[in-house]
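I have placed the structure first, in the form of structure tokens, so that the comments after it can refer back to it.
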Amino acid sequence: MKRDTDKLKENLILTGVKEIKQNGIDSISLRTVAKSCGVTHGTPYRHFESKENYLNTVLKHISTLLDSELIKDVDVSQNAKAQLIQMGVNLIDFAKNYPNFFEALFIKFPFKYMKFTDKTISDTSDFPGFSRFKDVVILLRKEENFTNSESESLLHFWSFISGLAIIAGSLIGNELDNETIKNTIRSMLEIYIKGERQ
């Protein structure tokens, strides 16, 4: 019986992931998810208690996919700058390949999952994509002896790369190939590092 319950719960999560992938987060409805799974509309509430808990679980699942995409071709033996450039390219590829996932995680995310302080940005939930990015920015700060706050560095890099991902995923960015994106991120990092050294 427990196995059937776990299987149904997983099916509800995967159905939500599929719904977001195809139609975006705005269109997701627990009634539709239940119908797709062949269960009553109250079943998702029995497993997740609320739509908020359900969406949070589905978005954690999507964030795990983002995390695996972020680390593709990242060579941890390289310096943080090289790792961050590859992560930036990977985030932009994720935005192009999974536009509704990107939108759900970074544009229309229905929960506050980051806490901003003067010192840092904390991940208040278990969303591994941002945590991985943060680790590399912290390593870059150490390698380059940044004097600004960790919070500033994280906000600057995350804003730049996610903004570039939005542009790359739009009609404006159709002509941006990976080499152009890589060079743009590299150039931004060099300007930033040079500014920090002065």
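The values are calculated or read from the model by the stated rules, or taken from the named source; none is laboratory data. Keep in mind it's a predicted model, so treat the numbers as computed, not measured. To get the accessible areas, we keep the full protein, side chains included, count just its heavy atoms, and leave off ligands, DNA and RNA. Shrake-Rupley method; radii C 1.70, N 1.55, O 1.52, S 1.80 Å.
Shape of segment 62-197 from its Cα gyration tensor (a ≥ b ≥ c, root eigenvalues): rounded if a/c is under 1.5, otherwise prolate when a/b > b/c, or oblate? Taking the square roots of the gyration eigenvalues as a ≥ b ≥ c, segment 62-197 is oblate.
For the chain, which whole-number percentage of the solvent-accessible area (1.4 Å probe, protein heavy atoms only) is attributable to carbon and sulfur atoms? Here it works out to 50 percent.
Over the chain, accessible surface divided per residue gives 55 Å², non-protein components excluded, 1.4 Å probe. In the chain, the calculated helix contribution to ellipticity at 222 nm averages -22500 deg cm²/dmol per residue, counting -39,500 (n - 2.57) for every DSSP H run with n ≥ 4. Reported to the nearest whole Å, the Cα centre-to-centre distance from segment 135-198 to segment 76-97 is 10.
Partners of K182 within straight-line reach, counting aspartates and glutamates whose Cα lies under 17 Å from its Cα and excluding those fewer than 8 residues away in the same chain: E69, D73, D75, D93, E190.
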